[in-house]
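Data block below; observations after.
The values are calculated or read from the model by the stated rules, or taken from the named source; none is laboratory data. The structure presented is a predicted model; accordingly, all values stated were derived computationally and were not measured. Cβ sites come from the backbone with ideal geometry, for glycine too, and all protein chains shown count toward neighbours.
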Ligand SMILES: NC(=O)c1ccc[n+]([C@@H]2O[C@H](COP(=O)([O-])OP(=O)(O)OC[C@H]3O[C@@H](n4cnc5c(N)ncnc54)[C@H](OP(=O)(O)O)[C@@H]3O)[C@@H](O)[C@H]2O)c1
């Protein structure tokens, strides 16, 4: 079969021949892949620097997708750490890590949106006791996952949503998607942090895709500006586009009722993740989330890798 093949972590994947996958256990099933999203996590995987990387080569990247199984059913699937990823004509899935989709489902929308939307959906439903009416800050709201987080927070009943991001046009658009306030992250760190302290001093939950220096500065500013320091604030770390480490001031954890938690593979059990998939797929299929997807043939995988425009999620199609 044809697949996107990573033979060296220094080069983008190439469209090449790769051995066909074969099911090994009772729950495994070969699927014809219809659509696979090129998420940041997949770029990390293909570069050998995701925290779950096993360094095994060659590998086919791709962590999730939509495919039709040899049983005839349309499925959204999430793959384990495997060298047989989703960016291939066929892959092998564990049916327990998949959900059967309605026939009218749009494979491209689901392949584009499930991963970025899942990060905030699962975080709000599994990592915090989120109640309708609570206020949310989305740090890094202009990326794919951030834009989804604003909409997911709205869908789950947030009482106010502060969206913070660098891109002015996308930030403005987030007002139509549910943001009740926006803060620009463009500018000097201390000025940006002061703006966040002002706009988000009373939030209950922070959904953080940034980490790094912006997070350290924002955390200090928000904690300091809180009118009620005893009011719980849960900071959910999800992404690290602004840096893998952050110098968190120790005082932030003493001066307010701040709790820092993470949400990602490992901090949430596979079962808990899977339990959330049907409702999220339904929300996407019902048009509850604004999806920005751009399809490219799998054969153009090298071009896709060179294309880092984050405004639309690239979805690779093995048989356009
Ligand atoms: N843990 C999980 O379950 C999970 C799931 C999905 C994603 N993630 C992680 O979440 C992060 C975002 O993913 P994504 O899908 O939204 O990526 P994306 O679509 O590529 O968006 C990345 C965004 O980050 C912004 N950005 C980059 N550097 C920044 C900085 N220094 N300050 C402020 N903004 C900055 C960019 O803003 P501009 O537009 O201003 O350039 C861009 O909009 C990644 O780290 C990803 O690995 C985690």
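Checking the condition assigned to a loop (DSSP other than H, G, I, E, B) and either loosely packed, with under 15 Cβ neighbours inside 10 Å or in contact with a helix residue (DSSP H, G or I) (Cβ under 8 Å, 6 or more places away or on another chain) (or both), which residue from 65, 25 passes? Matching residue, one of 65, 25: 25.
Would you mind finding the one in 15, 76 that is surrounded by fewer than 24 Cβ atoms within 10 Å (Cβ to Cβ) and not in a loop (DSSP other than H, G, I, E, B)? Full working, then the answer.
Details: 76 fails: surrounded by fewer than 24 Cβ atoms within 10 Å (Cβ to Cβ).
Checking each option against the conditions leaves just 15.
Taken over segment 79-104, the criterion of being in a loop (DSSP other than H, G, I, E, B) and surrounded by 24 or more Cβ atoms within 10 Å (Cβ to Cβ) is satisfied by 85, 86, 87.
Any residue in segment 151-158 that is within 14 Å of the ligand (Cβ to nearest atom) and more than 20 Å from residue 220 (Cα to Cα)? Outline the logic, then answer.
Start the filter on segment 151-158 by keeping residues that are within 14 Å of the ligand (Cβ to nearest atom), which leaves 151-152.
Retained after the next criterion (residues that are more than 20 Å from residue 220 (Cα to Cα)): 151-152.
Checking segment 151-158: at least one residue is within 14 Å of the ligand (Cβ to nearest atom) and more than 20 Å from residue 220 (Cα to Cα).
From the set of residues in segment 161-170 that are touching a residue at least 12 places away in the same chain (Cβ under 8 Å), within 13 Å of the ligand (Cβ to nearest atom) and farther than 10 Å from residue 140 by Cα, which is surrounded by the most Cβ atoms within 10 Å (Cβ to Cβ)? Let's see the steps before the verdict.
Step one: of segment 161-170, the residues touching a residue at least 12 places away in the same chain (Cβ under 8 Å) are 161-168, 170.
Still in the list and also within 13 Å of the ligand (Cβ to nearest atom): 163-168, 170.
Adding the requirement that they be farther than 10 Å from residue 140 by Cα leaves 168, 170.
Working: 168: 12, 170: 20.
Checking each candidate, the answer is 170.
Tell me, which residue of segment 143-166 that is assigned to a loop (DSSP other than H, G, I, E, B) and at pLDDT 95 or above is nearest to residue 213 (Cα to Cα)? In this case the residue turns out to be 166.
The residue list 6, 42, 66 contains one member that is under 12 Å from residue 301 (Cα atoms) and free of Cβ contacts under 8 Å to residues at least 60 places away in the same chain, which is 6.
Among the criteria (1) modelled with pLDDT under 95; (2) assigned to a helix (DSSP H, G or I), the one residue 291 does not fulfil is (2). Criterion first (touching a helix residue (DSSP H, G or I) at 6+ places or on another chain (Cβ under 7 Å) and either within 14 Å of the ligand (Cβ to nearest atom) or in a loop (DSSP other than H, G, I, E, B) (or both)) does residue 113 satisfy it? Answer is yes for this residue. The residues in segment 268-320 that are within 15 Å of the ligand (Cβ to nearest atom) and either within 22 Å of residue 166 (Cα to Cα) or in contact (Cβ under 8 Å) with a residue 12 or more places away in the chain (or both) can be counted, and the count is 27. Restricting attention to segment 212-267, the residues that are more than 16 Å from the ligand (Cβ to nearest atom), in contact with a helix residue (DSSP H, G or I) (Cβ under 9 Å, 6 or more places away or on another chain) and part of a loop (DSSP other than H, G, I, E, B) add up to 5. Of all residues in segment 119-134, those being part of a helix (DSSP H, G or I), surrounded by 21 or more Cβ atoms within 10 Å (Cβ to Cβ) and within 11 Å of the ligand (Cβ to nearest atom) number 5.
Assigned to a loop (DSSP other than H, G, I, E, B) and over 15 Å from the mean Cα position of the chain (by Cα), is that true of residue 278? So residue 278 fails the test.
Scanning segment 181-211 for residues that are within 12 Å of the ligand (Cβ to nearest atom), more than 19 Å from residue 168 (Cα to Cα) and either part of a helix (DSSP H, G or I) or touching a residue at least 60 places away in the same chain (Cβ under 8 Å) (or both) turns up just one, 207.
Would you be able to say whether some residue in segment 32-49 is assigned to a loop (DSSP other than H, G, I, E, B) and away from the ligand (no atom under 16 Å from the Cβ)? For segment 32-49, residues assigned to a loop (DSSP other than H, G, I, E, B) and away from the ligand (no atom under 16 Å from the Cβ): absent.
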